Amino acid sequence: MATPQNLDILNKWRLKSSASWIPLQASLELTNRCNERCQHCYIPSFKDDPKKVLSLHDWYLVLDKLKKAGTLYIVLMGGEAMLSPFFWDILKYSHSKGFHTSMITNGMKIKTQETADKLRNFGIKQMSFSLYSLKPHVHDFLTRVKGSHQKTIKAIELCQNAGLEVGVNALLTNANIDDIFDLEDWCIEKNIVFKADPTITPKLDGNLDPLKLRASKEQLLYFFRARTKKFPKSKPKPETYIESTHVCNAGKGKCAITAYGDLIPCIEIREAFGNLVTEDFSEIWKKESMNKWRNILNQDLKGIDPKSKSSNFCEHCPGISNNECNDPLQPTQFQKDLAQVKASL
Amino acid sequence: MFYQNKTYKINTDNPWQCMDQETIILSPKSNKAHELNKAGTYLWNHMQENNTPSLNELTELLSVKFNINGIEAKTDTELFLKSLIEQQILVESDS
Ligand SMILES: C[S@@+](CC[C@H](N)C(=O)[O-])C[C@H]1O[C@@H](n2cnc3c(N)ncnc32)[C@H](O)[C@@H]1O
Ligand code: SF4
């Protein structure tokens, strides 16, 4: 009755959740507060409204409802999740409910081996650290906190010592693009899963300041060419353009919960369809108004030439487009450039 | 291998979820995913509610629920337990 298999099972469950609108993954923004002030950050304000923040009991309720809704993966984030007064209780409860619980963090609060060990003992399964360069001045320039580089590196070491699975997420900007290969080599040497992503989103309130850090088309070309040469397997793979394919998984196989308990289709799409503390998950999830986000197909996108090679590399995000151009169906110039660069390799 | 005086308990370190009468269980340490069919899911859900059932209890449940004879139910339950114990998803202890 129990067959150990791997990717096949995971893929089957991902497809099933997407097709049946079961949110296999939920990201929880435990707080908007943060101990860094990253130049690129999409969060408009690092404050929590005391009248709206959730109590610990509310978070327990949210987790209970997500379990019932079919969620398997919980991603704790924020802001900086560890600044939530309930962080440890939420982590413990999430683990006890049988969720796979991971976290995206700057690591600033992990200062001792005891804290890293406690994370392991409380059941965290994976830690993704936001680290932008091996050069302290470049990382600190982006985070706007002097000494943050040293702290994040230390946190990574402590978590590895604790036996935790560690990853590094490096947002690729015009300030760190020259350092990315050194960072990737360092991660490989330390057995750390490395991810670099050049897609910088506007702030969630539409403020475009973070976009100033986007790499130029020339920089992107340089980066992808050099990376493909160094790691041929990293060459971006086309996904055959099919008109009737959904552009993303938002509001289907994934969802997100804000610091105030609002249920949103994903981190980028900030339209709240209901509050998970006061309403049932299924009541919110089946609201007709959510379909405008979950039913977007490739053929709905504006200005895409289905015959072009780059259409197979388009990673359209309706949330980013909405925040950037007020139109979820309009691919941004950046996404078009990125697709063209990938197609040219 | 399975004795009357043993009970079986879920190792709470393994993330899991049920969907459409099937269950997925992850083993992060070995980086594996396991799947339970309808009958396995039925036993799994029972174990979630009743912490430490015995082989006999589980066999009886399976036999009644799926209308199968005792021998067949016992073989299936043993297979279920054996496989999950091997994957460290269940732990066996003295009752
Ligand atoms: C908002 S942070 C929250 C978690 C934690 N504070 C951290 O920085 O790791 C989550 C991830 O989003 C990334 N991020 C922040 N602003 C972004 C933006 N405008 N575009 C794309 N990614 C962004 C960060 O680099 C980080 O890896
Ligand atoms: S650490 Fe994370 S939440 Fe804080 S400012 Fe940076 S990206 Fe934003």
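Output the qualifying pairs, or none if there are none: Cβ atoms under 8 angstrom, residues six or more apart or on different chains, first residue in the range A:103-122 and in contact (Cβ under 8 Å) with a residue 12 or more places away in the chain, second residue away from ligand 2 (no atom under 16 Å from the Cβ) and among the small types (Gly, Ala, Ser).
Qualifying pairs under 8 Å: A:110/A:116; A:113/A:162; A:116/A:162; A:117/A:162; A:119/A:162; A:120/A:162; A:120/A:163.
Here's the yes/no breakdown for (1) within 13 Å of another protein chain (Cβ to nearest Cβ); (2) assigned to a loop (DSSP other than H, G, I, E, B):
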site: B:7; (1), (2): no, no
site: B:12; (1), (2): yes, yes
site: B:18; (1), (2): yes, no
site: B:35; (1), (2): yes, no
site: B:57; (1), (2): no, no
site: B:61; (1), (2): no, no
site: B:64; (1), (2): no, no
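Return the residue satisfying two criteria in turn: it lies in the range B:1-41 and is surrounded by 20 or more Cβ atoms within 10 Å (Cβ to Cβ) and aromatic (Phe, Trp, Tyr), and of such residues it is farthest from residue A:100 (Cα to Cα).
Within the range B:1-41, the match that is farthest from residue A:100 (Cα to Cα) is B:8.
Only one of A:45, A:102, A:55 is touching a Phe, Trp or Tyr at 6+ places or on another chain (Cβ under 9 Å), closer than 25 Å to residue A:173 by Cβ and more than 11 Å from ligand 1 (Cβ to nearest atom). Can you tell me which? Step through it out loud before you land on a result.
On the way: A:45 fails: touching a Phe, Trp or Tyr at 6+ places or on another chain (Cβ under 9 Å); A:55 fails: closer than 25 Å to residue A:173 by Cβ.
That would be A:102, the only listed residue that is touching a Phe, Trp or Tyr at 6+ places or on another chain (Cβ under 9 Å), closer than 25 Å to residue A:173 by Cβ and more than 11 Å from ligand 1 (Cβ to nearest atom).
Under the condition of being of a type in the set (S, T, N, Q) and within 28 Å of residue A:228 (Cα to Cα), which residue from the range A:297-320 is surrounded by the fewest Cβ atoms within 10 Å (Cβ to Cβ)? Lay out the reasoning, then the answer.
Taking the range A:297-320 first, the residues of a type in the set (S, T, N, Q) are A:298-299, A:308, A:310-312.
Now drop any that are not within 28 Å of residue A:228 (Cα to Cα), which leaves A:298, A:308, A:310-312.
Details: A:298: 18, A:308: 14, A:310: 20, A:311: 19, A:312: 17.
Residue satisfying both the conditions and the ranking: A:308.
Give me the strands (runs of 3 or more DSSP E) completely within the range A:106-215, filtered to those with at least 1 residues that are farther than 30 Å from residue A:318 by Cβ and of a type outside the set (Ser, Thr, Tyr), ordered by residue number.
Result: A:165-171.
Out of the strands (runs of 3 or more DSSP E) lying entirely within the range A:1-88, which hold 3 or more residues that are in contact with a Cys (Cβ under 9 Å, 6 or more places away or on another chain)?
The strands (runs of 3 or more DSSP E) meeting that bar are A:25-29.
Being of a type outside the set (D, E, K, R), within 16 Å of ligand 2 (Cβ to nearest atom) and more than 14 Å from chain B (Cβ to nearest Cβ) is the filter here; which residues of the range A:108-135 pass it?
Step one: list which residues in the range A:108-135 are of a type outside the set (D, E, K, R), which gives A:108, A:110, A:112-113, A:115-116, A:119, A:121-124, A:126-134.
Adding the requirement that they be within 16 Å of ligand 2 (Cβ to nearest atom) leaves A:108, A:110, A:127-133.
Within the range A:108-135, A:108, A:110, A:128, A:129, A:130, A:131, A:132, A:133 qualify.
Check the range A:234-246 and report whether any residue there is in a loop (DSSP other than H, G, I, E, B) and closer than 30 Å to residue A:85 by Cβ.
no
Looking at residue B:42 and the list (1) of a type in the set (Phe, Trp, Tyr); (2) outside any helix (DSSP H, G or I); (3) closer than 30 Å to residue A:18 by Cα, which single condition is not satisfied?
(2)
Taken together, the values in this text are just the output of simple stated rules run on the coordinates, not laboratory data. This structure is a prediction, so every number in the text was calculated from the model and none was measured. Cβ: placed from backbone, ideal geometry, glycine included. Neighbour counts: every protein chain shown.
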